[in-house]
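Read the structure below first, then the notes.
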Amino acid sequence: MNSKQKILLIEDDKMLLEMYSSKFNREGYDIITAENGSDGLKMAKENKPDLILLDIILPKLDGFATLKEIRSDASIKDTPVILLTNLGQDQDIQKGKALGADDYFVKANHTPSEVVEKVRELLKNKGK
């Protein structure tokens, strides 16, 4: 791979932001971050990431609204999005999938390594 794949992480929890950022950096990804939905949306449009990790509970624009915007913007609508959240209710998962999320991870149930593995798998399949 000649250029690093770019991951946009939209997460308002600074500790998690740091943890996932350093994990993805160590795994060889180029990571960009935003701490709220509206900044995340702006960065997605400007940076055209290969994949977006999106929290649902966010200031300014929540993850569902952000996802909806991503899917309705022609320039980024095909970008894979994984919802990474603490909302584990079936209705949230259904809503996320209905809005076009490629996957849904409940933070408490997955280690950063598992998240990286899922991202790697999704990007590999996207490249086919």
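Kindly check whether there is at least one residue in the range 108-118 that is closer than 17 Å to ILE10 by Cβ, touching a residue at least 60 places away in the same chain (Cβ under 8 Å) and not in a helix (DSSP H, G or I). No, that holds for no residue. Within the range 68-88, the set of residues being of a type in the set (A, V, I, L, M) and either closer than 17 Å to ASN47 by Cβ or touching a residue at least 40 places away in the same chain (Cβ under 8 Å) (or both) comprises ILE70, ALA74, ILE76, VAL81, ILE82, LEU84. In the range 80-128, of all residues being closer than 19 Å to GLU18 by Cβ and charged (D, E, K, R), the one that is surrounded by the most Cβ atoms within 10 Å (Cβ to Cβ) corresponds to LYS107.
For every residue, the table says whether it meets (1) of a type in the set (A, V, I, L, M); (2) part of a helix (DSSP H, G or I).
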{"site": "SER3", "(1), (2)": "no, no"}
{"site": "MET15", "(1), (2)": "yes, yes"}
{"site": "GLU18", "(1), (2)": "no, yes"}
{"site": "PHE24", "(1), (2)": "no, yes"}
{"site": "LEU41", "(1), (2)": "yes, yes"}
{"site": "LEU53", "(1), (2)": "yes, no"}
{"site": "LYS60", "(1), (2)": "no, no"}
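The residue that is nearest to TYR104 (Cα to Cα), among those in the range 49-64 that are touching a Leu at 6+ places or on another chain (Cβ under 9 Å) and either among the basic types (Lys, Arg) or surrounded by fewer than 20 Cβ atoms within 10 Å (Cβ to Cβ) (or both), is ILE57. With respect to (1) touching a residue at least 24 places away in the same chain (Cβ under 8 Å); (2) part of a helix (DSSP H, G or I), the lone exception for LYS124 is condition (1). Among the conditions (1) surrounded by 13 or more Cβ atoms within 10 Å (Cβ to Cβ); (2) modelled with pLDDT of 95 or more, the only one that LYS77 does not satisfy is (1). Selection of first residues in the range 4-31 that are of a type in the set (Asp, Glu) and of second residues that are part of a helix (DSSP H, G or I), restricted to Cβ pairs under 8 Å at least 6 apart or on distinct chains, gives the following pairs, ordered by first then second residue: GLU11/LEU17; GLU11/TYR20; GLU27/VAL116; GLU27/ARG120.
The values are calculated or read from the model by the stated rules, or taken from the named source; none is laboratory data. What you see is a predicted model, and the numbers here were worked out from it, not measured in a lab. FYI the Cβ positions are ideal-geometry reconstructions off the backbone, even for glycines, and counts take in every protein chain you see.
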